[in-house]
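Here is the structure we will look at.
The values are calculated or read from the model by the stated rules, or taken from the named source; none is laboratory data. All values derive from a computational prediction rather than experimental measurement. Note: ideal-geometry Cβ built from the backbone for every residue, glycine included; neighbour counts use all protein chains shown.
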Amino acid sequence: MMFTMQDLRAHYRFTDRDAELLLSLQPLAEQNLENFALEFYDYLYSLPETASILNNSRRAQLREMHSNWFMSLFTGIYDNHYMNHLARIGHAHVKVGLSVHFVNAAMNQVRHFLHGLIDINYSDREERRGLREAVEKILDMNLDVMSTSYREEEMKKVFVSRKIDSFLIKATERFTYGLNLVLILALAVVSLAIVTMFGWDIVHVFTGDVEKGVFTALGSLLILWMMIELLDNEIKNLKGGRFSIQVFIGVVIVAIIREILISTLRHDALEKQAFLAGTLLILGIVYYLVSRVQKDQLNT
């Protein structure tokens, strides 16, 4: 089952306050980065299984990667890009043949190091408790994502061709991300077109057709407002947020409202106006039901 970073944060009850606490630890972590590296590698070299992997690797590059990962715990930014970074680390562990058991054991060493760092440098009991809880959550989330790499590797064994499957997955992920960027650009272009349309409607107000100008301008403003909501929703999606069908239903509702306004000005047939009103009613019911479902999901 695929999770976004927002899902992961919700499951571990990782809050913005936790992110702020971790960010506050950044200076202390940077000051003790060398101590971390020494203790971490002393532990890894004490185990024959991990020592053999380290001896066959480029140590300087590996040490830099571990240091970068350690400092990434305290950036305060934990979105889908961060999650993808952790997934790549997990796949790297799988690639070198490191058992998931040793990933868990090494993470436990990191946990003890950070707890000791907090206990030494913070005297207030409540402050220590909050920092320790934030550290626990981010390390558990890291371990969760990295461990998933091992589960994915097991699933790949049932595929006819591992290389082809891996290529297709990566290509599809990149293609999907590219489509999201194209969608944002397209929404921005359409938004500019709506602004132009609004300007044209304002011209109608000052050229004598006041009633038509006011109503069409109001409709254009409604659509522009929904375009802003769509852009905001898509940006949140790229940053790790959840896709919201409710926003798209709202766009259709606004479009129908605008059409009703214009239809009234044109004095269209009663049947057409009744059809539009009925469609609006149905969409309103759907919007209400979707909002209830999303609200229930957030509360669970």
Self-check item: residue 93 farther than 16 Å from residue 6 by Cβ and either among the aromatic types (Phe, Trp, Tyr) or crowded, with 16+ Cβ neighbours inside 10 Å (or both)
Solution: yes
Quiz prompt | Conditions (1) in a loop (DSSP other than H, G, I, E, B); (2) surrounded by fewer than 17 Cβ atoms within 10 Å (Cβ to Cβ); (3) modelled with pLDDT of 85 or more: number failed by residue 14 | solution = (2)
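Yes/no matrix, rows are residues, columns are (1) part of a helix (DSSP H, G or I); (2) at pLDDT below 75; (3) buried (at least 16 other Cβ atoms within 10 Å of the Cβ); (4) touching a helix residue (DSSP H, G or I) at 6+ places or on another chain (Cβ under 7 Å):
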position	(1), (2), (3), (4)
190	yes, no, no, yes
196	yes, no, no, no
208	no, yes, no, no
254	yes, yes, yes, yes
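For the stretch 110-124, which positions are assigned to a helix (DSSP H, G or I) and either modelled with pLDDT under 90 or surrounded by 15 or more Cβ atoms within 10 Å (Cβ to Cβ) (or both)?
Step one: of the stretch 110-124, the residues assigned to a helix (DSSP H, G or I) are 110-121.
Within the stretch 110-124, 110, 111, 113, 114, 115, 117, 118 qualify.
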Quiz item: In the stretch 33-52, is there at least one residue being among the small types (Gly, Ala, Ser), within 23 Å of residue 136 (Cβ to Cβ), touching a helix residue (DSSP H, G or I) at 6+ places or on another chain (Cβ under 8 Å) and assigned by TED's automatic domain parsing to the domain that holds residue 100?
Solution: yes
Practice problem: Go through the stretch 1-32 residue by residue and tally those that are under 14 Å from residue 75 (Cβ atoms), free of Cβ contacts under 8 Å to residues at least 40 places away in the same chain and aliphatic (A, V, I, L, M). | Solution: 0
Quiz item: residue 237 versus (1) at pLDDT below 70; (2) closer than 15 Å to residue 190 by Cα: which is the lone unmet condition?
Solution: (2)
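Confirm whether residue 215 is surrounded by fewer than 14 Cβ atoms within 10 Å (Cβ to Cβ), modelled with pLDDT under 70 and not aliphatic (A, V, I, L, M). Steps first, please.
Numbers: surrounded by fewer than 14 Cβ atoms within 10 Å (Cβ to Cβ): no; modelled with pLDDT under 70: yes; not aliphatic (A, V, I, L, M): yes.
For residue 215, the condition - surrounded by fewer than 14 Cβ atoms within 10 Å (Cβ to Cβ), modelled with pLDDT under 70 and not aliphatic (A, V, I, L, M) - is not met.
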